[in-house]
Every structure is written in structure tokens, then in C-alpha cells.
Amino acid sequence: MAPLFSRSWPLALRVSVQHARVFPLNFYFDQFVTGLASACSLFLVASGLSIIFGVTRIVNFAHGAFYMLGAYIGFTLTEQFSGAFGFWGAILLAAIVVAAIGTLIEIILLRRIYDAPELFQLLATFGVTLIVEDLALLIWGPNELLGPRAPGLKGAIDLFGLPFPTYDLLLIALGPLVLGLLWLLFRRTTWGVLVRAATQDREMVAALGVNQKWLFTSVFALGVFLAALGGALELPRQSANHTMDLQVITEVLVVVVIGGLGNVLGTFLAAIIVSELNAFGILVFPKISIVLVFLVMALVLIVRPWGLLGRAEAAARAAGGAAILRWRPLAARGRLAVVLALAVLALAPLAVGDYYLTVATEVLIFVLFAASLHFLIGAGGLVSFGHAAYFGLGSYGAALALKQFGLGMEAALIAGPLLGLAGAILFGWFCVRLSGVYFAMLTLAFAQIAWSVAYQWSDVTGGDNGLLGIWPSAWAAAPAHFYWLTLALVAAGIAALRMILFSPFGYSLRALRDSELRAEAIGLERRRIQWISFAIAGGFAALAGALYAFLKGSVFPDNLGIPLSIDGLVMVLLGGVDTVSGGIVGAALYRSLSIWIISHTDYSKLALGLLIVVLVVLFPKGVVGAFESWRARRAPRTGGESS
Amino acid sequence: MKTSSAIFSALVVIAGLAGSSAPGVAQETIKIGEINSYSALPSFTEPYRKGWQLALDEINAKGGVDGKKLEVISKDDGGKPADAVTQANELVSNDGVVMLAGTFFSNIGLAVSDFAKQKKIPFLAAEPLTDAITWSKGNRYTFRLRPANYEQAAMLAEQAAKLPAKKWATIAPNYEYGQSAVAVFKKLLSEKRPDIQWVGEQWPPQGKIDAGAVAEAIAKTEPEAILVVTFGPDLVKLVREGNTRGLFKDRSVVGFLTGEPEYLDPLKDETPEGWIVTGYPWNAVTIPDHAAFLKAYQDKYNDYPRLGSVVGYSTLKAAAAILAKAKSTDSEKLVDAAEGIAVDTPFGPITFRKSDHQSTLGAFVGKTALKDGKGVMVDVTYNDGGKYLPSDEDVKALRPQN
Amino acid sequence: MSILAVENLGKIYSGFEAVKGVSFALEAGEMLALIGPNGAGKSTCFNLINGQLAPTSGRIHIFGRSTHGMAPRDIGRLGVGRTFQITATFASMTVVENVQMALLAHHRRQWQWNRWAAHYYEEEAARLLALVGMADQAERSCGELAYGDLKRLELAIALANEPKLLLMDEPAAGMAPRERNALMSLTARIAQERTIGVLFTEHDMDVVFEHAQRILVLNRGVLIAEGAPAAVRANPEVQAVYLGAGALYEAKQ
């Protein structure tokens, strides 16, 4: 029993302080200026994201991909042209080329889905990111590409007795310059006035007869231009490589949120704060970088729920009129169909082999995971970007119960969900104080903090080498047995979620989503109801995570990671947020397809990305939503229904 | 109409991408399952794939193993341990492979190794470096080809001990690989040189190094020598910042893996001179077996091999040797055959030790230098891995005995 | 005892005094209108009473209880119903579900999780819908209702917690003239039947003078007149305030 407590704290928390030393003043100054250079390069990329979000409300996940493209195209162009003129021309041209690509994507793809639920654009841009990743691999090959240094700015100058890169000085000048230019653009031009007006009130601008389409397109182009410029300007500092996009996207998203969404000055301040805290933080805590931005974001959001300079978001979405599908429990025929489907699933081991049973088990686990997330997003309107945290806590809870405490699988399957539940109760308490994108980003911050603890606390969690040997008890070890166990628990979990969904509690949760004002007026306690819902969703996600640990036999920090949280979102959105069964269908569809695609293609990201983009365009209400709308059109009585 | 044509074109694209690894139909084949992080780490795994494909062609050209053709079913794990387990399961339960091979990342290697133990299927880990895979988490079914973290550290510590430097600082990625590399290097070097002081450390997150700040922070601790475990894009960033800020000037630097073409080549004219590194100087290797390999590789691909190519090539050669020796595809017989087996590789003959299932494949240690605007290794020696591994007796204490 | 008593109410927003020393009372069963030109402080006053804002000074008593420090939700729990300028209903639910939700909340059943919500308070909901003339639309989706029907639904929701005080913020805004009068007549009838005190703000003077029993006039945060419609209409100060608007003169004719 004892080891868990007698062992050391996670390295992230442990005070692994560098030898305390007092440095001469110029050292600190140097560190400060170094932080400033990082801040400016961060700001260039983040400003574009901020502008795009401010006007179009798109969380542009592809921003990192455009940044990467800027670097790659910049590399190719700087190889073509030489000299100072050639170099800077190439940088600028690269940004323009990428901006053109971005514009094209906006016109072809995003314009079709502006009316879809807000997050659908996130899903589309996620698909674009996947496509760009594989295309970059096809075009530029697998190797890192080192571009030239900037002509005339190759060396260092003496800054208070220490060498400082001249190129960094340029970046330090460029940051405020871009900030100033953006300020002028937004304050002193008609276009800027319209953009600002659109940031405040989209409908109003549309009512004034402004062509909103082209306003959005131009804003998107500007944002992409800044991303690509930021990427191309990195060439003298780093190689163009395939990890640039994901490496930058979370960081800039965090910076934008800390600053206050859509507020460019806030973004600038946030970039400086984050970079300086990092520059000085590593002097004292050399391991702080891995979690720093998320810690800062969590603290800022807890103190200032709309970021440093942000303002309260306008009411999230005016629930869109007649298009809304009605949520109904299953009627008698539907229940019969479910019973039949369960019977067929239960008989599956008689017909298929071990591999497909294991795949089916995995799909079932993700069905429960997605259903729990859908409970939050669909019923509660609470979009979580960090739902994997609870899935992962469930995995670790189960694994630790088995490994550290020597409990059996049965007890571990209880311990895991309990740990996830505890995490959700703790984090949820803070999260439900926020709303909208800020809520989403705080969930992300907590997920990343949990991830970094799992990643760093090697003594207990095994760090990124994970925990191994998490296999089921003998009676459940055969793939068919574990499949039946999973089927039973997943079916029970989903039945419980649906029961809650259609109970007074579930109605209250939906009421809060539909109209907070009205819900408060009739006496509903918003925070408590949302908090408990958060905990419920976390608990079921953790059950899925605990099952997953025993399916895979091992647990890794990946189980808490951003990619898994994104997978969850993709499943829910593909299935359909505004439908009762969207999460379930979306998970079954997406997980099966992705397992198949990864197993059968060399360019799985390209295939998966194309698939997502196609599905997004074809089914802007999700697959289930499209099906139900179609059914409603066939029987045009009382609008759509969803069961 | 519009809708259906869109679906159709999507399907065509997907179908076009599919099927490079469709299982063959020939009856008389032995199937090997291969998993690696092709989409997550193409710079290493692409040369690796070329390496094992070359070996496969050679083996089958000579009639395969025991008159049966070898077939490799290759899967991508996307850099995720959980997906690797899914793929391993498909290979074992569905495709009927007789053994598993591959993997790059340590955590994926460990996940597959644990799967192999559970399913009692031999697994030849190609690239993961973690010591755990053969020691603390070692198991009967898992073997590892590449020299482990410990061996790399031991080779470098041996050279580092000869340096006059007394004050050392370390820069390593903040995860298990970096942590254990630093820990082992520190331990081994401090044993040889008790006078050494460790004055500073930096742990940038993998893939997200803030190179300027890290370089400054290390410079402030005024070390006489620096250990660099950082690799890949982070290394490029660190080297550029370090060069500009004079971090490496008048300091000795020891670099893990920095001499591997995968990591050295991108540095181009920025390659810092005089770093003591492990790596693979492909055009300076004098081992006779290597010449044949080099020629065959260049003939086939019109490109030079990276270290990944050697690893991929040797992995498949080792797999074939094990199959040939076992004269069976039974898991237990394969494991018995693999224990202590001798295999010819481009770096000469190696053996897989019976005691810990680690191969004695070695690594080259040398110094970095700049030649015609490119990074190269000079003063190179090949260090046999076997000489740097703990004895069979010592290993017993490191491995779970069951 | 008055069901609503406001004493010397004041609100200052960063230096700007939006409401100054406002005092008035509302009796059970009374229809009281709060009017004034734009920016007079009506909405601030209203939001102070319903708990959306906290007053800088002064006291508010509802049913004899001080509402100091109470959230809107708690004030609602005292037996205060509300309707909003822009209707606030639950768009993803049907008409009857909206009322059932309000009834569930009123009976504190919102934590019930193991029985379907649709089985609760079916009869009560039907009765309330009949009361506001919405019985035939019970099964329609809330999102597809005409605006006037939404307003009536909102009234039914507001009545679900058996209020003795009804706060209506511009109840007739956005409706056709005939609908406005129908809604207000309905409200007045229900208020009388159930002895509910109604406080409402309104721009449309026709509605105010037709339906209010008493009128409060605010200007620049200060109460400038109070009394029966005829008296208020004759008040020269009120006329001065409304002079440019013309609405009052129209109402007189």
C-alpha cells in the first residue's frame, strides 16, 4: 500500500530548483531580451489566430498547418532566390502564397459551413491540418530542411557584454511593428471599422448590407498571412519540419485565450508574459516549460474568466429556430431495435475472430467515451477540449490499483472511474465558472496539467514509458470474454446516460444550455447542475478509460493527451451534436474507419483528413442529424425528432 | 448528384491510397509483422523501411528461409502506443505472423513488448533505446537490436572522462529518454571522475524548445562542458542559437546520437565542430560487410543510407536468421533459437545475448567536423556494444527473473 | 403589506448615477407600469429588483423580505415570476416540456435522475397552457412558434411557480398592436384572478394607459411622477419629458 505515498512527488511539482545563484544584472537583462524575441515570434502567429476568431468565431485549428506551410514554402523560395532582396522577397512571397491557399480553403470549404454549429469549423480545419501534414510529407520529403540565415543578420551583437543574435533584434522590432500596423488597420481604415463592428455584432453588420462573405474571407486571408509569415520568419532560427504545426498550434491558442479572444493587444501581452515567465522560470525550475503555458492559462482564466483583455462573449448561439431536432426517448419500436442490436452484438463472438472482436471492443469503449462527451456538449452545451483527462485518469486509476495496490481487475474497474470522477469533480468546479471557448480552454489546461503530471511523475506513473502488464483477470482474458464484459458495461453506461438525459436533471442541464436567463429565473442552480454533469461525464469517460487500459495491456500519458480529446470531439461532431445518439454513432463510425484506414493506407492522415472534410461538407448537422432531418422531411409533422 | 460524386471521388482517393500492404496469397510464405512510426517520424522510419525492404529482397532472392519466401506485413502506429497494440493484435490474430519486429519510440517498444509477452509471440524491437525494454521490463519474448541508452552513455562517458572539463551542464528533452540518458551518463562519468561538478541542467519539452532561453540559461551556469541529448528539430534550433550566442565556444560538448545522419545532415553548414558524438559516418565506415551493404543500398535507392537503414536491414536479417535457426515457426522454438544467435550485419557480426536479449550491435563514436558545408564525423572508432554492456551476472539483477 | 416595497433605491455605475432615491410600493393584484424615456433608468431599476444587479444604496423588500444579496434565482424562489424583453424559453423543448421544466424547477425536482421528465406534472402543465390559450400547441417545438405565442408561453412559464409578483420587462415589445392588447388583457385577467401584483416596463403608451392601474415615471434616474393614468397624463413634468416623443399626445387622443 505504502509505495504510492512514500515515493516522491511528480517532478513537475517537485521543487527541483537550480543551485540558487545571483547573477550580474546584465544576465537578467539578456534573459529578458531573449524572452522578448520568443514573445514576438509567438505573437506573429498568434495575432492571426486571434483576428480570425474575433470576426469569424472560427477556432482555426489549421493555423499551425499554415504556419508550417509558410516555413516550407519559404524554404523552397529562399533556395531559389539569393541575396538580401531574394531572401526577404521569398519570405514575403511565401506568406502571400499561403494566404492565397488559405483564402481558397475558406471559399471552398469554410463558407459552406458557417451556419453549422460553431465547432464544426474547428472540425473542418482539423481535417485540413491532417491533409496538409501528409501533403507536406509528399512534397518536401521526410527530412528536416534547414534554410539560410537572414542576410546581414547572421551573427550576434554585443548586448551589455553578452552576445545576442541580431536576427532576434529584428523579431523584437517586428512584433510591435505588426501590432502597430494591425492597430492602424483596424482603427484607421473602413475595412478595419467593419471588421471591428463584426467582432462586436455579426448580425448587425450583415443587416447594414456589408458583404459579410468577403469580410470573412479577407479576415481569414490576413490571419493566414500572419501565420505563414510567422512560419517563414522562423527559417533562420529552425528547420522546416513536420512537427511544426502541432508544436505551435496549442501554444498560440493558449496565448490567444490568455490575452482574451479577438483582442490583439491582449494577445501581444500574453505572448510577452508567457515567454518571459518561461525565460526566467527555467532558471529556477528547469522542467517548467512543459506545463508552464497551461498553468498560466489556468490561473489567468480562474482570476479573469475572459482572459486579460477580453470581454464577456455575446450569448453563445441563438438556438437556431425550426431546425432544432426534438429529443425523445426511444419509442417501443426503437427499444425493440436496440434490444435486437444488442443481441446481435452479444452473438458476435460466434461469428468473428479474435482480431475483429478486439477492434469491436475498442470501438465500444470509444462509443462510451464519445457518449459521455456528447452528454456534456450536446445536452449541456459545454464544449470540453480536455475530455481525455478523465479517460486517462480512469486508465491510470485502474492501472495503479492493479500495479501499486495489487487489486484485481474487478476492483481496478471501480478504482479507475472513481479517480476520473474525483478529477472531474475537482477540475469541473473551476471550469463551470466559465463559458464558451474559455470553458473549453480551461478544460484543455487541466487536461494538459494532468498529462504533464502523468508524464513527469515517473516513479508512480512510469512517465512516458507508461505502466505495463495491465491485463484482464483470467476469466475475462479471452478476447470474447473481455468483449462481453465491455459490451455489458458500455451498454449499461449508455443506458444510464440516456436515463439521466431524459430525467428532470437532464432537462435542467438542457434548459441551462437553451437559455441561462430563463433557467435561472425558474430557479435552476446553473453551476451546481453543470458541475454535477461535468462529474457524470468525467466518470463515464473514466470507465471507458479503465476498460481501455485492460484492452491494451498498458497505459501511457497519451491516454490523457490532446489528440485523444480531439478524437472525442471529432466523434461527437461527426455524429451530430444536436442529436441524442450523435456521440454513439459518430464514435462507431470514426473509430472503425480510422482503425481501418491506419491499417490499410500509407497516407492515413491524408485519407482521414479528406474523409472528415467530406463528411463535414455533406453532413453539417452530423451523420445522425442528417439522417433525422431526412426522416423529418419524409414525415413533415412536427419538425425533426431525435432519439 | 453533387453529393454522390463527392462521395465517389473521396472513395477513389482513399482506395488509391490503400493497399500497399495487402496480405499476399502465396501459400509457402513465412509472415513477419512489422510496426513502426511511419507517419509520425518519417525522417527516421523512411530510411528504415528502405533498409528492411533491401534485406527482404536479398533474402528472398536467395530462396527465402528454408525454401519459403519471407513476407513482411508492415503497419504504421502513428506514434501512439495504443495504436501499435491494435496493429500488433491484427498482425498476430488476423494476419498470422510468426513474429513481430520494429518500433522506434521507447514507449511503443515497451507496449508491444508487453503485448508480445502476453500473447507469447517473439518481438524483435528494432530501435527503441530505453534500457527498460531489456532490463527492468524485459521478458522472454522480447529482443532488442540497437545499442541501448546505457551503451550510448557508456561510450560517451568513456570519452568525456578524458576531457579536462570539471564543470558540466546538461540539456535533454524532458521525457524518459532524456532523463535516463542524463542519469546514466552522470552516474558513469561521476564514477570515473569523482571531481566533476554538475552545475546546470535544462529540460526543454520535446519538440518545443525555447532555444534562446535555454542557451542563455545554460551559459549562465558557466560550465566547461555540456551534454546534449536533444535531437531532431530541437537540436537544429539549439545549435543555431548556441552558435550565434557563442554557447559552444571554448566548451567541450558531448552529444547523444548527434552523429547519426538523420540528425547531423539537417545541420548543414551550422554543424558545430569538435562535439564528441555517437552516430553513423556512412561514408567513412571501414567494416568489410558495410561496403557490400552500402553498394546494394545505393544501387537500389540512389541515396545514401541513414542509421535507420542499417537498423531496418539488420532487423530483418536477424529475423531471418532466427527463423532459419529455429527451423520452426513455433514461438518458444523461435525464442530459444534467438537466444545467443549470431547475425551478420553491416557493422559486422553481432549476437543477441542470452542473458538479457540485447544485441551486441555497436555504435560509432567520433567528433563532428565541417566538410564542404556539411557535417561529418571524424576520428571515428566503432565500439562493439558487447563491451559496454554489464556482465551476464550483473544483468540478472536488472531483469525480472521468472 | 405591500408585496414589493422599494425604498430610496440608488445605483452608481463607475461614477454615473443611473438610479437615484427611487421609492415605491406595489400591492397584490395591482398592475403597475414603470415608464420613462430611453436611458431613464427603467432597465436598471428593473434589474435591481429582479436581482440581476446589486443596488449601491437603498432597500428592496419582496413579500416583506429584504432581497439584499440574493441571486435572481433566489428571488425567483420567493414566488416572483419574470418575462423578458427578448423571450427566453427553452428552444430545444416542446411547448409543454417548457412548462413542465418550469414546474419541475418550482417543485425542486431538478435533481431527480431516475425517471423520465415527461411523466411529471402533465396535468398542471396542460392547465397552465390552457390558461394562456396555448393548449392546442402543446406538442409543438418551441423553436417554431410565432412570436406572440412565444410570449404567451413565457407567461405560462412565469406562472408555473405560482408567483404573487410578476416582473415583465417590455412584455409587448416586438408584437403587433392587436397582439399586445390581447397579451396584456390576458395578463391583467390572470393577475386579478390570482391576485398577482404585476410590475411592467413598456414603451407603448397605448398599452400602458390601457392596462396599468398605476404608473411610475422615471427620468434621469429619478422618479418624477407617480399615480393613476389620468393624473400622470396630466402631469406637466411628464409632458415635458415626453414632449419630443409625441407618444403621450397620441395616447391622449
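The values are calculated or read from the model by the stated rules, or taken from the named source; none is laboratory data. Worth saying up front: this structure is predicted, and the values here are computed from it rather than measured. Here the Cβ is made from the backbone with ideal geometry for all residues, glycine too, and neighbour counts use every protein chain on show. The accessibility values were calculated without ligands, DNA or RNA, using every heavy atom of the protein model including side chains. Shrake-Rupley method; radii C 1.70, N 1.55, O 1.52, S 1.80 Å.
Structure values in brief
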{"item": "³J(HN,Hα) computed for each position of segment B:183-193 - Karplus, 6.51 cos²θ - 1.76 cosθ + 1.60, integer Hz, glycine/proline x", "result": "4, 5, 4, 4, 4, 5, 6, 5, 5, 6, 10"}
{"item": "Where A:Ile449, A:Ile108 fall by accessible area, highest first, once all protein chains stay in place (1.4 Å)", "result": "A:Ile108, A:Ile449"}
{"item": "Excluding exposed DSSP-loop GluC sites (Glu not before Pro) (at most 16 other C-beta within 10 Å), longest clean stretch of chain C", "result": "C:140-253"}
{"item": "Two-site FRET efficiency, B:Lys333 against B:Leu163, from Cβ-Cβ distance with R₀ of 41 Å, rounded to 0.05", "result": "0.25"}
{"item": "Global form of segment B:33-182, assessed from the alpha-carbon gyration tensor, a/c cut-off 1.5", "result": "prolate"}
{"item": "Overall form of chain B per C-alpha gyration tensor (a/c, 1.5; a/b vs b/c)", "result": "prolate"}
{"item": "Qualifying chymotrypsin sites (Phe, Trp or Tyr not before Pro) in segment A:348-457, DSSP loop, other Cβ atoms within 10 Å at most 15", "result": "A:Phe405"}
{"item": "Choice from B:Thr360, B:Thr381, B:Thr351 with maximal GNM fluctuation in chain B (Cα, 10 Å cutoff)", "result": "B:Thr381"}
{"item": "Theoretical gain in end-to-end length, A:Ser218 to A:Leu345 [0.36 nm per residue, Cα-Cα removed]", "result": "40.6 nm"}
{"item": "Filter on A:Lys552/B:Lys327; B:Lys69/B:Lys295; B:Lys208/B:Lys387; B:Lys237/B:Lys367 - keep pairs with C-alpha separation over 28 Å", "result": "A:Lys552/B:Lys327; B:Lys208/B:Lys387"}
{"item": "Label point distance in nm, A:Ala173-C:Ser23, each placed 7 Å from Cα along Cα→Cβ", "result": "6.9"}
{"item": "Distance violations [Cα-Cα > 22 Å] among B:Lys120/B:Lys333; B:Lys80/B:Lys187; B:Lys68/B:Lys317", "result": "B:Lys80/B:Lys187"}
{"item": "Per-pair calculated FRET efficiency, R0 = 41 Å: A:Arg196 and A:Trp630 via Cβ, rounded to 0.05", "result": "0.50"}
{"item": "Candidate aspartates and glutamates for bridging to C:Lys20, where Cα separation is under 17 Å - those fewer than 8 sequence places away on the same chain excluded", "result": "C:Glu7, C:Glu226"}
{"item": "Segment B:29-89-segment C:77-102 distance, computed between alpha-carbon centres (Å)", "result": "63"}
{"item": "Residue mean of other protein chain beta carbons inside 10 Å, B:218-228", "result": "2"}
{"item": "Proximal lysines to A:Lys213, defined as alpha-carbon separation beneath 25 angstrom and excluding residues fewer than eight positions away on the same chain", "result": "A:Lys621, B:Lys2"}
{"item": "Candidates B:Asn36, B:Asn383, B:Asn94, ranked by Gaussian network fluctuation over chain B, Cα under 10 Å, top entry", "result": "B:Asn94"}
{"item": "Filter on A:Lys605/B:Lys62; B:Lys300/B:Lys371; B:Lys119/B:Lys354 - keep pairs with C-alpha separation over 29 Å", "result": "A:Lys605/B:Lys62"}
{"item": "Where labels lie 7 Å past Cα in the beta-carbon direction, separation of A:Ala474 and B:Val378 in nm", "result": "6.6"}
{"item": "Förster radius 41 Å - calculated FRET efficiency between B:Asp392 and B:Ala369 (Cβ-Cβ, nearest 0.05)", "result": "0.60"}
{"item": "Cα-Cα P(r), segment A:190-252, percent of pairs per 5 Å interval", "result": "4, 14, 21, 16, 11, 12, 10, 8, 3, 1"}
{"item": "Gain on full stretching of the segment that runs from C:Leu186 to C:Met1 - 0.36 nm per residue minus C-alpha separation", "result": "64.0 nm"}
{"item": "For q = 0.10, 0.11 Å⁻¹, Debye-computed log10 I/I(0) when each Cα of segment A:359-642 counts as one equal scatterer", "result": "-0.51, -0.62"}
{"item": "Heavy-atom accessible area ranking, 1.4 Å probe, most first, across C:Arg115, B:Arg193", "result": "C:Arg115, B:Arg193"}
{"item": "Proportion of all alpha-carbon pairs of the protein assembly as shown beyond 42 Å (%)", "result": "50"}
{"item": "Simple label model, 7 Å out from Cα along Cβ direction - C:Ile86 to C:Ala126, nm", "result": "3.6"}
{"item": "Cα centroid separation, segment A:133-163 to segment A:597-624 (Å)", "result": "34"}
{"item": "Where Rh is the Kirkwood radius over Cα pairs, Rg/Rh for segment A:403-467", "result": "1.07"}
{"item": "Bridge type composition, the protein assembly as shown - antiparallel percent by DSSP, nearest 5", "result": "45"}
{"item": "Peptide C:111-123 - average C-beta neighbours from other chains (10 Å radius)", "result": "5"}
{"item": "Principal-axis tilt of helix C:95-106 within chain C, Cα atoms, nearest 10 degrees", "result": "80"}
{"item": "Apportionment of accessible area to carbon and sulfur, segment A:31-244, percent (1.4 Å)", "result": "69"}
